[in-house]
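See structure below.
The values are calculated or read from the model by the stated rules, or taken from the named source; none is laboratory data. Note that the coordinates shown come from a computational prediction; the quantities given were computed from them, not determined experimentally. Cβ placement follows ideal geometry from the backbone for every residue including glycine, while neighbour counts extend to all protein chains displayed.
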Amino acid sequence: MKKLSVLFTLLVILCLSNTSHSQVKKTETSSQPSPWGLSFIYSENGFGPVVNYHKRLNSSTQLITGIGIMSVSDTREFEQYDLYGNKNTPNKENRVFLFPANIGIRKEIFGDDITGSIRPIMNIGITPALVLTNPYSREYFNAMGYFNAGFAAGGYAGLGLEFKETQGVSFALNVNYSYVTPIGKEINSLYNKPIKNLTGLQIAFGVRF
């Protein structure tokens, strides 16, 4: 939890420092893409889509909130196939699904010194999350009626690049390290092997229209 408190403190400091700057001129904001965006995240432990909302704080800084869904697996898992091509994961107990709610700051680095459509960016934020598990021993759709809920929290930080294709379209590529750990109870994908970090190193590709 110390890591989470440090990330939250940095996030608050960035918000306070940026709100003290002058607001973006209307002529600038009118050429920005929609505040809504879609990202696809691939991490050490899983993958999935995230819907984001961007609020510009000044010419170089955005507040970003997002809600996603990710399928999570344990890095210690390995798959086996029988003679008939059926897949099996030894010692697997549960399917794990993560619903992260990201709240963070995205800031352009050296924004005043770089011209052109490509800008380096820095990301930092916190991630509360809902975690659902269901038994792997049951068939996929049948197991939908046997969900157990848990909670997790953590944060992320990283770097990336933003590409402004046109005035109304932009793309972003980010590499973040995310640490989201279960709270209150253990989350297992494999029997007797709790997952400490549900995310890990992440690569995210996002687009705004």
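Limited to the range 180-195, what total is found for residues that are in contact with an Asp or Glu (Cβ under 8 Å, 6 or more places away or on another chain) and either among the hydrophobic types (A, V, I, L, M, F, W, C) or part of a loop (DSSP other than H, G, I, E, B) (or both)?
3
If you go through the range 71-82 one residue at a time, how many are without any contact (Cβ under 8 Å) to a residue 40 or more places away in the chain and in contact with a Ser or Thr (Cβ under 9 Å, 6 or more places away or on another chain)?
Adding up the residues that qualify gives 3.
Using the structure shown, decide if Leu198 is at pLDDT 95 or above, part of a loop (DSSP other than H, G, I, E, B) and within 15 Å of Asn102 (Cβ to Cβ).
yes
Just give me the residues in the range 144-170 being closer than 18 Å to Gly104 by Cα and either within 16 Å of the chain's Cα centre (by Cα) or among the aliphatic types (A, V, I, L, M) (or both), in sequence order.
Scanning the range 144-170 gives Ala152, Ala153, Gly154, Gly155, Tyr156, Ala157, Gly158, Leu159, Gly160, Leu161.
Quick check on the range 40-68: of everything there that is of a type in the set (Val, Ile, Thr) and under 16 Å from Ile203 (Cα atoms), which residue is surrounded by the fewest Cβ atoms within 10 Å (Cβ to Cβ)?
Val51
For residues that are hydroxyl-bearing (Ser, Thr, Tyr) and touching a strand residue (DSSP E or B) at 6+ places or on another chain (Cβ under 8 Å), scanning just the range 141-182, find the one that is surrounded by the most Cβ atoms within 10 Å (Cβ to Cβ).
Here the answer is Ser178.
What tally of residues in the range 99-114 results from selecting those that are part of a loop (DSSP other than H, G, I, E, B) and either among the hydrophobic types (A, V, I, L, M, F, W, C) or at pLDDT 85 or above (or both)?
Of the residues in that region, 3 qualify.
Are there any pairs with C-beta distances below 6 angstrom linking a residue in the range 140-151 that is over 19 Å from Lys87 (Cβ atoms) to a residue that is aliphatic (A, V, I, L, M) and surrounded by 12 or more Cβ atoms within 10 Å (Cβ to Cβ), with the two at least 6 apart or on different chains, and if so which?
Sorted first by the residue in the range 140-151, then by its partner, the pairs are Phe147/Leu132; Ala149/Leu132; Gly150/Val131; Gly150/Ile187; Phe151/Ile183.
Among the residues of the range 68-98, what is the count of those that are assigned to a strand (DSSP E or B), of a type in the set (D, E, K, R) and closer than 25 Å to Thr127 by Cα?
1
If I filter the range 83-101 for residues that are within 22 Å of Ile187 (Cβ to Cβ), out of contact with any Phe, Trp or Tyr (no Cβ under 7 Å at 6 or more places or on another chain) and without any contact (Cβ under 8 Å) to a residue 12 or more places away in the chain, do I get at least one hit?
Checking the range 83-101: at least one residue is within 22 Å of Ile187 (Cβ to Cβ), out of contact with any Phe, Trp or Tyr (no Cβ under 7 Å at 6 or more places or on another chain) and without any contact (Cβ under 8 Å) to a residue 12 or more places away in the chain.
Report yes if Thr133 is under 20 Å from Asn102 (Cα atoms), surrounded by 18 or more Cβ atoms within 10 Å (Cβ to Cβ) and either out of contact with any Lys or Arg (no Cβ under 9 Å at 6 or more places or on another chain) or modelled with pLDDT of 95 or more (or both), otherwise no.
Spelling it out, it is not the case that Thr133 is under 20 Å from Asn102 (Cα atoms), surrounded by 18 or more Cβ atoms within 10 Å (Cβ to Cβ) and either out of contact with any Lys or Arg (no Cβ under 9 Å at 6 or more places or on another chain) or modelled with pLDDT of 95 or more (or both).
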